[in-house]
1. From (1) in a loop (DSSP other than H, G, I, E, B); (2) under 26 Å from ILE48 (Cα atoms); (3) at pLDDT 85 or above, pick out the condition that doesn't hold for LEU316.
2. For region 408-421, indicate whether the set of residues that are open to solvent by 30 Å² or more (accessible area, probe 1.4 Å), modelled with pLDDT of 80 or more and more than 12 Å from PHE474 (Cα to Cα) is non-empty.
3. For residues that are surrounded by fewer than 20 Cβ atoms within 10 Å (Cβ to Cβ) and not in a strand (DSSP E or B), tally how many sit in region 462-510.
4. I'm trying to understand the selection: among the residues of region 331-346, which are open to solvent by 50 Å² or more (accessible area, probe 1.4 Å), within 44 Å of the chain's Cα centre (by Cα) and at pLDDT 85 or above?
5. Quick one: in region 51-63, of everything that is in contact (Cβ under 8 Å) with a residue 60 or more places away in the chain and open to solvent by 20 Å² or more (accessible area, probe 1.4 Å), which residue is nearest to ILE280 (Cα to Cα)?
6. Test of understanding: among ARG194, ARG189, ARG169, which residue is over 30 Å from PHE263 (Cβ atoms), assigned to a helix (DSSP H, G or I) and within 44 Å of the chain's Cα centre (by Cα)?
7. Can you tell me how many residues in region 602-612 are in contact with a Phe, Trp or Tyr (Cβ under 9 Å, 6 or more places away or on another chain) and open to solvent by 10 Å² or more (accessible area, probe 1.4 Å)?
8. Does any residue of region 28-50 turn out to be closer than 30 Å to TYR431 by Cα and either touching a residue at least 12 places away in the same chain (Cβ under 8 Å) or more than 18 Å from the chain's Cα centre (by Cα) (or both)?
Amino acid sequence: MLENIFLAVVRMSFTASIAAVFVILLRQLAGRKLPKSFCYAAWAIVLIRLLVPFSIQSDFSLFNIVKAPVTSFKKATDIDMLWDGGVFQDVGDAKKQNNKGIANKTELGSDDQLNIKNNGAKSNPEALVTDEASLSVKNGPGFVLACIWLSLSIILLAFCIFSFLKITRSFRTAVLYNDKGMVKEAAGRLKLKRRVKIYISDRTDTPLVTGLVNTRIIIPPYLADPSRKRELEYVIIHELVHIKRFDNISRLLAILVLCIHWFNPLVWLCFFFYQKDMEISCDARVLTAYENDVRTEYANSLLNVAEKQNTSLHGLAIAFGESNIKGRIKGILGFKRNKIWLGIIAALLLVLSAFFLLTNGKNDGKINYFSRNRLIAINDSTLTELLKHRSRYIGNASNAGNLIDKLPYGRMKEGIELDTAQKPYGITVKYRLENIDAANQDTDALIENNVKPVLLDNALILFSLIENVDIVKFNILPANIVVQYERSQLQQYFDRELWEYSASKEDFEMFLLDIYFEIFIFPEKYSLAMSSVPGIRIMVGLNAEYYDAAYSINYSTENGSLLTRNISTGQITDHGKSLDLSFASYDMESYGPVYWSPRDMDKAVKENIVTISILNKKGDIIISKPVRIETEDGQSFKVKPSYDISYDDDFQE
């Protein structure tokens, strides 16, 4: 949970950084020509990006071009790279998209938290039941970084709250000042309807704004001198501009952002520019409130206050002579009234920038837990790590939990329960997949087509590594959807006992290659009367390492024909009983997907087998799979169910 929050903050920080770079460039290129308020208003875009974790998607978003690399961070800390809590390794993004009509497989990683409830009876020696255990394996780098982030954020936030309360208390003794209508006159210039009062306090040496709901202007005693009436007038109107724009609130939000995103140096730079632009734009608004030229008088007032000011920071309050005096004086003396058309351009540019930067790219903003693509590398490290957990007995709760940590969806695991009181022995794994909503009408298809294949793979690995587990049950939260697999149910698809496949590293490697070699069929049932497709389309999902020029794929059929259809022209090519495709030369546009067609097949044939083989550069078969197609009444053909065959139309060309 904590890691997910931290990753969300990292993602927000990255997208906001992209927006910040855009705003900084825009500020440098157009800031001098456009109204000063434009630069200040543009920082609201960055502020929203840093505070709001969600957004709508748009075809015009900048993030269609710039992809958030939070997934790269996630790989480095948990799901794809090898560390204590996970075994599957990234094999490189270059192989993720093969564009060959063949589905890659992308692996999800391991969790860092294990909560195990063992329901077994201690008297059962076969189950080797342990006592109820609650085990926390929180040693992954993602969790450590999340803890550091949260700790420093809390410290910074606590310090800011303390400072705010201290400032508020320090001005409790402030005395109400009789402004003799000065506030009303200044508010009239700004068309401000809020009632604001002025107080005098010797606790400050510069004018400032305090309060959130009951906003007040606090002035030092020297400004109450009648000889400084003109100076006080400028001070009041300046502070009223801040109040009208709710700068006191936006500044607190900006400070909150610093507490959350303290690890991002660009956020600190943005805060510096934000304060600078806030004061410069406020000065510009003061000057436009007067019909005559008051630049020199206003600049002198700012200098006079700055001379009295002994400190440059006033906590969380907004002060008149606060900072960047030199830059503000230059801006005041060089101020020119903007023309109306420049204001219109600035408004349009601001709206376009907001639309460009505040929207997410298509299919962006979420980590896709349900991708059918599993980018994994089955190597010696993977095999060694998984085989460490090979056990004859499910009762070893710690071993079972650590094994599940290293399987897909491990990071989404909330806990496990062991049922070892009597046969059949079982294990229940609870996964929290936030994107799954039981009330959503698309949930069933999502579970069936995307989640279940991953859960099936996990169940097969558990059956192969733990001999006496009979039932593997997955509980998907918060939808509370249960998916269950039985050993006897899956055993029928294999020639050997599932437990035997983990007897050696070589056998286990072939077993993993087999279960991660998936076949996608469409349609599930084909008839010669169908015109929408030329036959049963057969696509395969492989480990990403095989999408390489050194490998090729062979389709062969005992009966019927193998076809390809050119996507661009629609032309169908009959390849007969065998089709060889090299990953080096296969072009999806030219060949299209592969189909099996029953054309010219003997009606006496009741079952046909299409064999799909992966070959190395020497032509040796690495792994092969059969697709059994049964004949119904000589006109209809249906693929025989198997654990590694999925039926859906997600891959329609």
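The values are calculated or read from the model by the stated rules, or taken from the named source; none is laboratory data. As the structure is a computational prediction, the values presented were derived from the model and not from experiment. Neighbour counts run over all protein chains shown; Cβ positions are idealised from the backbone, glycine included. Accessible surface areas use protein heavy atoms only, side chains included; no ligands, DNA or RNA. Shrake-Rupley method; radii C 1.70, N 1.55, O 1.52, S 1.80 Å.
1. For LEU316, the exception is condition (3).
2. Within region 408-421, one or more residues are open to solvent by 30 Å² or more (accessible area, probe 1.4 Å), modelled with pLDDT of 80 or more and more than 12 Å from PHE474 (Cα to Cα).
3. Qualifying residue count, region 462-510: 25.
4. Correct list: ILE340, TRP341, ILE344, ILE345.
5. Taking region 51-63 first, the residues in contact (Cβ under 8 Å) with a residue 60 or more places away in the chain are 51, 54-63.
Okay, now just the ones that are also open to solvent by 20 Å² or more (accessible area, probe 1.4 Å), so 51, 54-57, 59-60, 62.
Numbers: LEU51: 24, PHE54: 31, SER55: 31, ILE56: 33, GLN57: 34, ASP59: 35, PHE60: 32, LEU62: 29 Å.
Looking at residues that are in contact (Cβ under 8 Å) with a residue 60 or more places away in the chain and open to solvent by 20 Å² or more (accessible area, probe 1.4 Å), I get LEU51.
6. Numbers: ARG194 fails: assigned to a helix (DSSP H, G or I); ARG189 fails: within 44 Å of the chain's Cα centre (by Cα).
That would be ARG169, the only listed residue that is over 30 Å from PHE263 (Cβ atoms), assigned to a helix (DSSP H, G or I) and within 44 Å of the chain's Cα centre (by Cα).
7. Residues of region 602-612 that are in contact with a Phe, Trp or Tyr (Cβ under 9 Å, 6 or more places away or on another chain), as a first pass: 608, 610-612.
Imposing the further condition that a residue be open to solvent by 10 Å² or more (accessible area, probe 1.4 Å) reduces the set to 611.
Residues in region 602-612 being in contact with a Phe, Trp or Tyr (Cβ under 9 Å, 6 or more places away or on another chain) and open to solvent by 10 Å² or more (accessible area, probe 1.4 Å): 1 in total.
8. So the first thing to find is which residues in region 28-50 are closer than 30 Å to TYR431 by Cα, and the list is 49-50.
Still in the list and also either touching a residue at least 12 places away in the same chain (Cβ under 8 Å) or more than 18 Å from the chain's Cα centre (by Cα) (or both): 49-50.
Within region 28-50 (the criterion being closer than 30 Å to TYR431 by Cα and either touching a residue at least 12 places away in the same chain (Cβ under 8 Å) or more than 18 Å from the chain's Cα centre (by Cα) (or both)), the answer is yes, since at least one residue qualifies.
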